[in-house]
Amino acid sequence: MRRSTQDSDTSARKVSRRALLLGGAQVAVVAGLGLRMRYMQIVESGKYRMLADENRINIRLIPPARGLIFDRNGILLAGNEQNYSVTIVREDAGDNVRKVLNRLKGLIPITDDDIESTIHEMKRRSPFVPITVADRLSWEDLSRVAVNGPALPGVSPSVGLSRHYPLDKDLAHVVGYVGPVSERDLARYADPDPVLQIPKFQIGKTGVELKLEDQLRGKAGTKQLEVNAVGRVMRELSRTPPTPGDNVQLTINAALQDFLHARLGNEAAASVVMDLSNGDLLAIGSSPSFDPNLFVRGISYKDYDRLLNNDHRPLVDKSVAGTYPPGSTFKIITGMAALEAGKLDPKEIIYCPGYVQLGNRRFHCWKHSGHGKVDLRKSLAQSCDVYYYEVSQRVGIDAISAMARKMGLGERHELPMSAIAAGLAPTKEWKRRVHKRDWLVGDTLNAAIGQGYVLASPLQLAVMAGRIATGRAIQPRLVRSINGVEQPVHPAPPMNFKPFAVDGVRGGLFAVVNGEHGTAHFARIETEGMTMAGKTGTSQVFSITAAERARGLIKNADLPWNRRDHGLFVAFAPFDNPRYALSVVIEHSGGSHPAAAIARDLMLQTLYGGLPPLSAYPAYQRNEIKAAQDALQLRDLAPAPTPARTRA
């Protein structure tokens, strides 16, 4: 049926309206898009240009060269050496990372464990971060990797720096060593330096390397890399070089330190030599030692177990962390406490029958027949125990402990070294607090001769010797300069001892070495103007029971090594104008004789600046000394006039 004209007109008007609405909507959308494009391209063009650049540019850190460590004469103690390494980038290696690593295994010395460790590290890092597969490679190994590069996608040979300790065992405990950053290392920092996130970046673990980490580390540099959409590096756009770490110069004399270790040999021992003009530690060593380079390279389980299970404890720094009963060296403290308190006159005579009776217990002197009539000088020269049993009861333990702290014992000396011990100068309050028991008179008698609860480190004993020698509160120091800037030396304040007290004790220490009946008379120095004063000490490791004493004392030489007495010696020289103080502690040596002999050799080496002439020794010892000197294996360390300022 045909539509009427009216219906056709109505339908045409509806179509025109719809077309107009649809067209208007389209125009509105196009106009909105145009306005939005104009806004984004013109108004916010800077914002989107920056976002585009950020997606295109990747910023990576450049590790800084670690600061160098020198001795006081400019001899290198810790440096950096070229380190050839191989890295892999997961994103470049594709899906066959394990296949690439196994192929690499045929070219350089890596193990299956190394491969597993690398894959594990890859999973923790972004796919474009280089992961170190192996380092400390030879040039030949690196060359093989470079030649086979096309068959090793994602693998790159590289050259960096790694820590090296040229004097190895001599400074292991002092300088310490570095190693890869661990989670424990990161936990020490509230806001860790981003450079610490670099895989296998080296950080100080012990010693000066640890304590001066912030100065030695330096500041990382940066490089801007252009990357594609998946993060692959296309080219380097710019570079800001890193700032090397600060160079540190220690107070240590490397040649003297080398002599110290050579002289201690394989003993479980420690020694400290200090300059009394400024507190500089010229040598501070613990024996036996270890090679810190093993830890930098990654020590094997076998090597570590050998060090850990050694009964001479090479990993422990005995010079500052080892604490020992000071034995008769502590009589310096007991005597000074009584003299300062006005409880003793240096010329007063005390009779020694060989023991003191306290209740139903006898406290014996080391000389069982007794020393007879003894004054202060003789009590020190011959190390009479009974004299100090009597004196200690007059003055009391609290006054003795106060004097010990004044002389540097029971105090933690602040140095950039690891695990520095405070030792122990016990008091009545300390025993009640720690042991929940009252202090006994017998405790005082034991403490008076450096036994019982009293503990001191070789460092503290050297400080004590320095303070009695000078009458000043000498403080030890280890850092001489940083980046050529001398570290301040604060004058040691006077300790204001009563002149008769300090003179009386010094006179006794002179007689120990130079008196005919002194306990270290054999260790005297014959050179005029270099006379040495000192004090011997022997500390028991195990108490002697009444039953053992009744059966007759067993000689130390007949006991197992770990049951023998420790031997100690403290000294200063020259007597008339003290310049140096030192201490020597030898574990389980059976007595003080070996410690005194080593102490004299160290003192002469310090005074002469090298091996002394044989005329410095008593005539009857010179042949033996000559043979011992010839047997020493010393490094050829020629001191430089000033520390080098270049960085490796």
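The values are calculated or read from the model by the stated rules, or taken from the named source; none is laboratory data. In this text the structure is predicted, and so the values were computed from the model without any measurement. Don't worry about glycine lacking a Cβ; one is built from the backbone with ideal geometry, like all the others, and counts go over all protein chains shown.
Scanning the range 240-255 for residues that are part of a loop (DSSP other than H, G, I, E, B), of a type outside the set (S, T, N, Q) and buried (at least 24 other Cβ atoms within 10 Å of the Cβ) yields a single hit, ILE252.
One residue stands out among those in the range 118-143 that are at pLDDT below 85 and small (Gly, Ala, Ser): the one that is farthest from ILE57 (Cα to Cα), which is SER138. Would you be able to say whether some residue in the range 78-91 is modelled with pLDDT of 85 or more and more than 24 Å from THR240 (Cα to Cα)? The answer is yes, given that some residue of the range 78-91 is modelled with pLDDT of 85 or more and more than 24 Å from THR240 (Cα to Cα). Counting the residues of the range 84-102 that are on the phi > 0 side of the Ramachandran plot and of a type in the set (D, E, K, R) gives 0. Restricting attention to the range 308-353, the residues that are closer than 22 Å to HIS371 by Cα and surrounded by fewer than 17 Cβ atoms within 10 Å (Cβ to Cβ) total 7.
Remark: GLY484 matches the filter, which requires a residue to be under 27 Å from ILE252 (Cβ atoms), loosely packed, with under 15 Cβ neighbours inside 10 Å and either out of contact with any helix residue (DSSP H, G or I) (no Cβ under 6 Å at 6 or more places or on another chain) or not hydrophobic (A, V, I, L, M, F, W, C) (or both).
The residues of the range 256-285 that are surrounded by fewer than 22 Cβ atoms within 10 Å (Cβ to Cβ) and of a type in the set (S, T, N, Q), listed by number, are ASN266, SER277, ASN278.
When ARG188 is tested against (1) at pLDDT 85 or above; (2) exposed (fewer than 14 other Cβ atoms within 10 Å of the Cβ); (3) not aliphatic (A, V, I, L, M), exactly one condition is not met: (1).
Residue pairs whose Cβ atoms lie under 7 Å apart, separated by 6 or more positions or on different chains, with the first residue in the range 425-444 and within 13 Å of ALA399 (Cα to Cα) and the second hydrophobic (A, V, I, L, M, F, W, C) and assigned to a loop (DSSP other than H, G, I, E, B), are ALA425/LEU409; ALA425/VAL454; PRO426/VAL454; LYS428/TRP439. Could you check, for the range 517-528, whether at least one of its residues is of a type in the set (S, T, N, Q), buried (at least 17 other Cβ atoms within 10 Å of the Cβ) and out of contact with any strand residue (DSSP E or B) (no Cβ under 7 Å at 6 or more places or on another chain)? Within the range 517-528 (the criterion being of a type in the set (S, T, N, Q), buried (at least 17 other Cβ atoms within 10 Å of the Cβ) and out of contact with any strand residue (DSSP E or B) (no Cβ under 7 Å at 6 or more places or on another chain)), the answer is yes, since at least one residue qualifies.
Restricting attention to the range 198-233 and to residues that are among the small types (Gly, Ala, Ser) and closer than 15 Å to SER126 by Cβ, the residue that is modelled with the lowest pLDDT turns out to be GLY231.
Taken over the range 554-577, the criterion of being among the aromatic types (Phe, Trp, Tyr) and modelled with pLDDT of 85 or more is satisfied by PHE569, PHE572, PHE575. Taken together, the residues in the range 155-185 that are without any contact (Cβ under 8 Å) to a residue 60 or more places away in the chain and either buried (at least 18 other Cβ atoms within 10 Å of the Cβ) or farther than 30 Å from VAL97 by Cα (or both) amount to 2. All conditions in (1) at pLDDT 95 or above; (2) over 30 Å from ARG472 (Cβ atoms); (3) not aromatic (Phe, Trp, Tyr) hold for ARG549, with the sole exception of (1). Among the residues of the range 567-584, those identified as crowded, with 24+ Cβ neighbours inside 10 Å and in contact with a Gly (Cβ under 7 Å, 6 or more places away or on another chain) are GLY567, LEU568, PHE569, VAL570, ALA571, PHE572, ALA581. Of the helices (runs of 4 or more DSSP H) contained entirely in the range 103-213, those carrying at least 3 residues that are hydrophobic (A, V, I, L, M, F, W, C) fall at 112-124, 139-147, 172-175. Pairs are defined by a Cβ separation below 8 Å, a sequence spacing of at least 6 or placement on different chains, a first member in the range 397-418 that is part of a helix (DSSP H, G or I), and a second member that is acidic (Asp, Glu); the pairs so defined are ILE397/ASP443; MET403/GLU340; ARG405/GLU411. From the list VAL86, VAL100, the lone residue that is in contact with a helix residue (DSSP H, G or I) (Cβ under 8 Å, 6 or more places away or on another chain), assigned to a helix (DSSP H, G or I) and either outside the structural domain of LEU196 (by TED's automatic domain parsing) or crowded, with 19+ Cβ neighbours inside 10 Å (or both) is VAL100. Condition first: closer than 17 Å to ASP443 by Cα and acidic (Asp, Glu). Now tell me which residues in the range 373-427 satisfy that. Across the range 373-427, the qualifying residues are ASP385, GLU390, ASP398.
Within the option set VAL195, VAL133, being more than 30 Å from PHE70 (Cβ to Cβ) and touching a residue at least 12 places away in the same chain (Cβ under 8 Å) holds for one residue only, VAL133. Can you pull out every residue in the range 117-135 that is exposed (fewer than 14 other Cβ atoms within 10 Å of the Cβ) and under 33 Å from the mean Cα position of the chain (by Cα)? Correct list: HIS120, ARG124. The residues of the range 76-134 that are basic (Lys, Arg) and under 25 Å from VAL195 (Cα atoms), listed by number, are ARG90, LYS123, ARG124, ARG125.
Would you confirm whether any residue within the range 201-221 is over 30 Å from ARG188 (Cα atoms) and either of a type outside the set (Phe, Trp, Tyr) or in contact with a helix residue (DSSP H, G or I) (Cβ under 7 Å, 6 or more places away or on another chain) (or both)? No, there is no match, as no residue in the range 201-221 is over 30 Å from ARG188 (Cα atoms) and either of a type outside the set (Phe, Trp, Tyr) or in contact with a helix residue (DSSP H, G or I) (Cβ under 7 Å, 6 or more places away or on another chain) (or both). Whether any residue in the range 138-154 is surrounded by 15 or more Cβ atoms within 10 Å (Cβ to Cβ), closer than 30 Å to GLN257 by Cβ and basic (Lys, Arg) is what I want to check. The answer is no; no qualifying residue exists.
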